[in-house]
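**Q** Mind having a look at this structure? Questions to follow.
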Amino acid sequence: MPGDKHGPGIKNPEAYEAIRDDGASKEKAARISNAMASEGASKVGRRGGKAENYEDWTVSQLRKRASELGIEGRSYMKKDRLINALRHH
């Protein structure tokens with residue numbers, strides 16, 4: 001049963017499980033699935049694509065963004081690992 005794998009704060013358990021199965025973190029899956037439940041999947045699906053490519057960011061900018069997201073170990077990461085961590089957070 002989908003409810004067994006997450007907490008009570010998940011508004012759309014089926015979407016949550018599908019997003020987790022695709023490899024997203026628990027936090028990201030919860031954010032997306034709850035937005036889908038609140039605003040509708042089509043509205044949520046139209047978002048995104050507005051940020052610059054991470055490859056164009058400096059390491060300092062990447063570390064600042066990683067800090068905002070609470071990614072641990074960011075101060076020791078090189079650019080490629082920072083990008084990977086940000087994309088999969």
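Every number here is computed from the coordinates shown, using simple stated rules; none is lab data. Since the model is a prediction, treat every value here as computed from it, not as a measurement. Cβ coordinates were reconstructed from backbone atoms using ideal geometry, including for glycine residues, and neighbour counts include every protein chain displayed.
**Q** If Lys and Arg each add +1 and Asp and Glu each add -1, what is the summed charge of the other residues whose beta carbon sits under 11 Å from the beta carbon of residue 57?
**A** Values: positive: 63, 64, 65, 79; negative: 52, 55, 56.
That sum, taken over residues with Cβ under 11 Å, equals +1.
**Q** Set the Förster radius R0 to 35 Å, insert the Cβ-Cβ distance between residue 76 and residue 42 as r into 1/(1 + (r/R0)^6), and round the FRET efficiency to 0.05. Show your work: numbers first, answer last.
**A** Numbers: r = 41 Å, r/R0 = 1.16.
With a Förster radius of 35 Å, E is 0.30.
**Q** Taking 0.36 nm per residue of separation and subtracting the Cα-Cα distance, what length does fully extending residue 21 through residue 58 add? Display every interim value, and only then the final one.
**A** Details: separation 37, 0.36 × 37 = 13.32 nm, distance 3.12 nm.
Computed gain between residue 21 and residue 58 is 10.2 nm.
**Q** Relative to the Cα centre, what is the charge dipole magnitude of the chain, using +1 at the beta carbon of each Lys and Arg, -1 at the beta carbon of each Asp and Glu, and rounding to the nearest 20 debye? Walk me through the numbers before you get to the answer.
**A** On the way: 18 positive and 13 negative charges, 64 e Å.
For this selection, approximately 300 debye.
**Q** In what sequence, highest mean first, do 71-77, 9-15 appear when ranked by Cβ atoms within 10 angstrom? Numbers along the way, then the final one.
**A** Values: 71-77: 13.0, 9-15: 15.6.
Packing proxy ranking, top to bottom: 9-15, 71-77.
**Q** For a Förster distance of 35 Å, can you work out the FRET efficiency between the beta-carbons of residue 69 and residue 14, rounded to the nearest 0.05? The partial results should precede the final answer.
**A** Details: r = 26 Å, r/R0 = 0.73.
That gives a FRET efficiency of 0.85.
**Q** Return the lysines within reach of residue 43: Cα separation strictly under 30 angstrom, same-chain partners fewer than 8 residues apart disregarded; answer none if there are no such residues.
**A** Cross-link targets: 5, 11, 26, 28, 64.
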